[in-house]
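Shown next, in structure tokens, is the structure this report addresses.
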Amino acid sequence: MSFMTKPKVAHPRLRRNNLGLTRRDYEGTMSTLCAGCGHDSITAALIEACFELSLPPHRIAKMSGIGCSSKTPAYFVGAAHGFNSVHGRMPSIATGANAANRDLYYIGISGDGDSLSIGMGQFSHVIRRNLHMLYVIENNGVYGLTKGQFSASADVGSKAKKGEVNLQSPIDPVLTALALGCTFVARSFSGDKEQLVPLIKAAMKHRGFALLDILSPCVTFNDHEDSTKSYAYTRQFYHPAIHTDFVEPTQNIAATYKQGEAFPVTLHDGSNILLRKVAKDYDPTDRRLAFDFVEENLKSGEYLTGLLYIDESKPDFHDMAQTDHRPLNEIPYAELNPGADAMKKILARYR
Amino acid sequence: MDKTDTAKPDFFHKVVDCQWACPAHTDVPEYIRLIAQGRFADAYMVNRESNVFPAILGRVCDRPCEPACRRGRVEDKPVAICRLKRVAADLKGDIDDRLPAIPKAKNGKRVALVGAGCASLTVANDLMPLGYDITIFEALGVPGGLMRSNIPAFRLPEAVLSEEIGRIIDMGVDLRLGARVNSMKELLGQGFDAVFVGSGAPKGKELNLPGRHESDQIFIGIDWLESVAFEHTDSIGENVVIIGAGNTAMDCCRSALRLGGKNVTVAARKPRHLFKASDWELEDAEEEKVNILVNHAPEEFVIENGKLTGVKFAIVEWSEDETGRLTSKALDHVVVPADSVILAVGQENAFPWVERDIGLEFNKWEEPVVDPITFESTRKGVFFGGDAAFGPKNIIWAVAHGHQAAISLHKYCQDQPLTTRLPDTLNLGSRKMGLHEWSYANDYNPAQRLKMNHVDLTNRFKEMNIEVELGFSPEQAAEEVARCLNCDIQTVFTDDLCIECDACLDICPTDCLTITRNSDEEDLRTRLRVPAENLTQPLFVSGPLKQTARVMVKDEDMCVHCGLCAERCPTAAWDMQKSCIKIPYAVDEETAWQKRQKKSA
Ligand SMILES: Cc1cc2nc3c(=O)[nH]c(=O)nc-3n(C[C@H](O)[C@H](O)[C@H](O)COP(=O)(O)OP(=O)(O)OC[C@H]3O[C@@H](n4cnc5c(N)ncnc54)[C@H](O)[C@@H]3O)c2cc1C
Ligand SMILES: Cc1ncc(C[n+]2csc(CCOP(=O)(O)OP(=O)(O)O)c2C)c(N)n1
Ligand code: SF4
Ligand code: SF4
Ligand code: SF4
Ligand SMILES: [Mg+2]
């Protein structure tokens, strides 16, 4: 936490996006997290991604629960909408918001504690619903906010700062999501923005639920030796399985890659994700293969990263519920509220 | 790129753009902070150490520091460095007890200085405390050189000049006024141990066009200003044309307005962006309603019935030829009415009094051959400095020369080799006070540059010597000092502490920092968070970082020294440390020499 504020002054040659905004225009308030926290780095990647996608700030809704991670929505896109809900309950709030206004970009920020302990039920069900949103888990293996207790993602054998060893087996969010039928599953590391920014962009453009599990070291309670979620450990054992490039709809995709070396996945708005495989025999559209591959790697202590699984074909929450294609605030009042007579008719159907 | 060697003092010195640009390397951020603390006398003394004439320079310095100021790149207007110097001088109170003591017992060496301009006065200032016997020979009846004879009193009041010059003369200098040196040979025969020539560049350039010698109303600018300064001239015609667009032209036009000129015109051959005059001098002239004509090439002085009536100009258009040289083409002609004309087309040095058979060589432009480091001429024991050495420059360059020449004179008199000089040194000290406290004001003050208030247009012309600028009040100064970015509070990086968490990169308001794979400079400059296009500003490159072997790169260009990188770094890999650059003077050479003597004894 620092007591100085970041001045408004910016580099005079800062790049501008299609809206004429600079990266600085996507910042939020000054972070109160510990200096060096991985979460702040993810915040910076989110800022970069929103800037590069030229998202209008007022079309973004930031949702979160409780935890250091859940505080981060305050630190990016200050002009966006936001809701800081109770611990582990962000998915239901996000569902409600999305039901009412399907046209916003939903960014949910959660922690390993918020999602995998108290919020495990909500987390599972929002995946089932295939709610159109980006769901970030800032995964540090501890409850940072409550001073570093092991979370459900802590690895067996990992030591806490004061020396206790974790004996319970971890819940891996990626395997969980794959098992639950999540349509976009990716893992990354707060310390690798080159990988992270395109992944965020792709996830924002994926139609349906996009899980991004981001290893995000807690510099205060879980960055020591014998921690399996420290900067040094993560750097040593994380391996990109696949490189992801995000290609805007306006860009000519054929020009950006050679056949055979990469394959594209076209998203609903016409943009593309270009995937370049690092691990041979890996196919991120084959769920069974993805599951085995991730699990294999986890067993040997490696974090496989990149876009691990994608399925653009599944219906999302609105498709399944057959809701109106318009957000509620665009539906004329008379149509939205057909009046007492209409209500009577509806009720009559159930009498 | 190789790891940046920050042990060399020049790396951090360059980061302090103003101090690096100042020929005398005045410690600008330090004196600005002292002003901010209300320590005006201390601020004055920091100035005096390097530039000797803070009150004078706080009004008329050419201020190469300001175009260099980082604030001018980050926003558009630099800090008002020069006028803050004046604040320190105006509010300092008595500082005489802080001046160096002059030893009663002299060291037995006698040095002659030719001319009492700022170059010679600086030499005297540096050598008197070491016990030298100094004699200054000055042709005019007052000391000060062009500062007195040419810079008009409405820019530089007499009292200010006298105070700062007096402080040096009062050290016990033997000042001989009205004592023009007419023969170098003769001077060399007078038994001085060494001679310094600070006689300036006293010759105004001619413009030999038809009609030049048919009127007594055509003047050479620097001669005319001198006769105004000494009150030999107290009037001028109503229509005045000044030919030339340098700073001398600006002083001439503004002086003419105060002596009865009604329509005063400055006519320049070149377009405005090629004017030699500083922007601020042009602005001041325009504020006084001087007409500025561009692309006017003078062709003839129009004389009717033996009387000057105007100047005929060709109106020209400039174009660049293949070699990039500018050539002009006349489009039309015009006669600008004139009762008086002042020629301000340049200045050069002239040494009719230096014999050419005494081993003192001159180059083909009749300039003395002078060593740029020692300032020695080709004759041992004769040194040059100021405008006399390399042609007309300005006061602060003359002062810088004076300091260096003083070191050489001292070494020469003490039989020490001139070329083994003390190097510049640099000290660093952390500004971290507590967990989240830094001992300097690092808030970014978004205020605009303060405008100087001027005496109003009706009153300022009443007398020649009404100082136009009113100076800053302490309250105004307090606002302007906060615009300084404290560029001497350096970002210092320790490679092996960095855990590559990106906190510093993410927090830096001006995107100076990047962690990336190393390569050559050209490539690296394109791969930074904001490409480093300003090639005059260096990149800092760390050694390989522990976890990934990438490097930390900092583009110094836009760093606002806010300290946020150090504040956010969890491992203190970045620290904010104040750099203090020590430029050695004659007295330091003496102290170092005595230390060496003691050691070897
Ligand atoms: C009109 C004008 C305006 C200027 N305005 C500025 C300004 O605003 N800011 C700035 O920084 N600079 C300004 N300058 C330039 C600046 O004045 C000079 O660069 C500076 O004064 C040079 O100092 P100096 O000591 O080398 O020589 P000078 O100041 O020229 O002093 C030389 C002295 O030597 C004396 N002398 C010459 N020959 C002999 C001899 N044979 N025997 C004895 N004495 C001799 C002269 O009388 C003179 O007093 C201006 C110059 C002019 C002409
Ligand atoms: C209902 C409820 N139970 C418990 C808590 C206490 N609590 C606050 S944050 C937190 C865990 C946060 O861990 P995580 O989501 O991993 O976030 P981090 O701080 O590690 O980023 C807990 C248990 C609470 N705020 N509310
Ligand atoms: S306690 Fe850990 S997770 Fe929370 S802000 Fe500090 S470093 Fe980040
Ligand atoms: S001091 Fe650090 S954070 Fe501030 S501008 Fe300079 S590099 Fe950036
Ligand atoms: S904040 Fe410190 S540890 Fe983190 S990347 Fe910057 S210098 Fe390295
Ligand atoms: Mg956590």
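Among B:Phe219, B:Phe154, B:Phe196, which is in contact with a helix residue (DSSP H, G or I) (Cβ under 6 Å, 6 or more places away or on another chain), of a type in the set (Phe, Trp, Tyr), on the phi < 0 side of the Ramachandran plot and surrounded by 18 or more Cβ atoms within 10 Å (Cβ to Cβ)?
Working: B:Phe219 fails: in contact with a helix residue (DSSP H, G or I) (Cβ under 6 Å, 6 or more places away or on another chain); B:Phe154 fails: in contact with a helix residue (DSSP H, G or I) (Cβ under 6 Å, 6 or more places away or on another chain).
From the options B:Phe219, B:Phe154, B:Phe196, the qualifying one is B:Phe196.
Residue count for region B:2-33 satisfying the condition of being touching a residue at least 24 places away in the same chain (Cβ under 8 Å), of a type in the set (A, V, I, L, M, F, W, C) and surrounded by fewer than 17 Cβ atoms within 10 Å (Cβ to Cβ): 0. Here the condition is being in contact with a Phe, Trp or Tyr (Cβ under 7 Å, 6 or more places away or on another chain), away from ligand 3 (no atom under 16 Å from the Cβ), on the phi < 0 side of the Ramachandran plot and small (Gly, Ala, Ser); of A:Ala80, A:Ala61, A:Ala10, A:Ala49, it holds for A:Ala61 alone. Quick check on region B:512-533. Is at least one of its residues out of contact with any Asp or Glu (no Cβ under 9 Å at 6 or more places or on another chain) and closer than 30 Å to B:Ala447 by Cα? For region B:512-533, residues out of contact with any Asp or Glu (no Cβ under 9 Å at 6 or more places or on another chain) and closer than 30 Å to B:Ala447 by Cα: absent.
Right, A:Leu307: assigned to a strand (DSSP E or B) and within 21 Å of A:Phe237 (Cβ to Cβ) or not?
yes
Before we move on, is B:Ile581 part of a strand (DSSP E or B), touching a Cys at 6+ places or on another chain (Cβ under 9 Å) and either within 11 Å of another protein chain (Cβ to nearest Cβ) or under 30 Å from B:Leu130 (Cβ atoms) (or both)? In short, no.
State yes or no: is B:Leu225 within 13 Å of ligand 1 (Cβ to nearest atom), away from chain A (no Cβ under 14 Å), of a type in the set (A, V, I, L, M) and surrounded by 19 or more Cβ atoms within 10 Å (Cβ to Cβ)? Yes: the conditions hold for B:Leu225. Scanning region A:37-44 turns up one or more residues that are within 28 Å of B:Tyr440 (Cα to Cα) and either more than 10 Å from chain B (Cβ to nearest Cβ) or in a loop (DSSP other than H, G, I, E, B) (or both). Could you look through region B:494-525, keep only residues that are in a helix (DSSP H, G or I) and within 13 Å of chain A (Cβ to nearest Cβ), and pick out the one that is surrounded by the most Cβ atoms within 10 Å (Cβ to Cβ)? If we take residues in region B:494-525 being in a helix (DSSP H, G or I) and within 13 Å of chain A (Cβ to nearest Cβ), then B:Ala503 is surrounded by the most Cβ atoms within 10 Å (Cβ to Cβ). Assessment of region A:57-78 against the conditions (under 19 Å from the mean Cα position of the chain (by Cα), under 18 Å from A:Asp213 (Cα atoms), small (Gly, Ala, Ser) and at the interface with chain B (Cβ under 9 Å from one of its Cβ atoms)) yields no matching residue. Just one residue in the set B:Gly346, B:Gly310 is among the small types (Gly, Ala, Ser), within 16 Å of ligand 1 (Cβ to nearest atom) and more than 30 Å from B:Asn453 (Cβ to Cβ); that residue is B:Gly346.
Of the residues making up region A:142-154, those that are surrounded by fewer than 18 Cβ atoms within 10 Å (Cβ to Cβ) and touching a residue at least 60 places away in the same chain (Cβ under 8 Å) number 1. Pairing each residue of region B:552-568 that is under 13 Å from B:Asn486 (Cβ atoms) and not assigned by TED's automatic domain parsing to the domain that holds B:Ala503 with any residue that is part of a loop (DSSP other than H, G, I, E, B) and away from ligand 1 (no atom under 16 Å from the Cβ), provided the two are 6+ apart or on different chains, yields no C-beta distance under 8 Å. So, in region A:1-31, of the ones that are touching a residue at least 40 places away in the same chain (Cβ under 8 Å) and surrounded by fewer than 19 Cβ atoms within 10 Å (Cβ to Cβ), which residue ends up nearest to the other protein chains (Cβ to nearest Cβ)? Result: A:Met30. Against the criterion of being at the interface with chain A (Cβ under 10 Å from one of its Cβ atoms), touching a His at 6+ places or on another chain (Cβ under 7 Å), crowded, with 21+ Cβ neighbours inside 10 Å and modelled with pLDDT of 95 or more, B:Asp557 does not qualify. Do we find that B:Gly563 is small (Gly, Ala, Ser) and within 8 Å of chain A (Cβ to nearest Cβ) in this structure? Yes; evaluated as a whole, the condition is true for this residue.
For B:Asp495, the requirement of being on the phi > 0 side of the Ramachandran plot, within 16 Å of ligand 5 (Cβ to nearest atom) and of a type outside the set (Gly, Ala, Ser) is not met.
The values are calculated or read from the model by the stated rules, or taken from the named source; none is laboratory data. This one's a predicted model, so the numbers in the text were calculated from it and none came from an experiment. Every residue, glycine among them, receives a Cβ derived from its backbone with ideal geometry; neighbour counts consider all protein chains shown.
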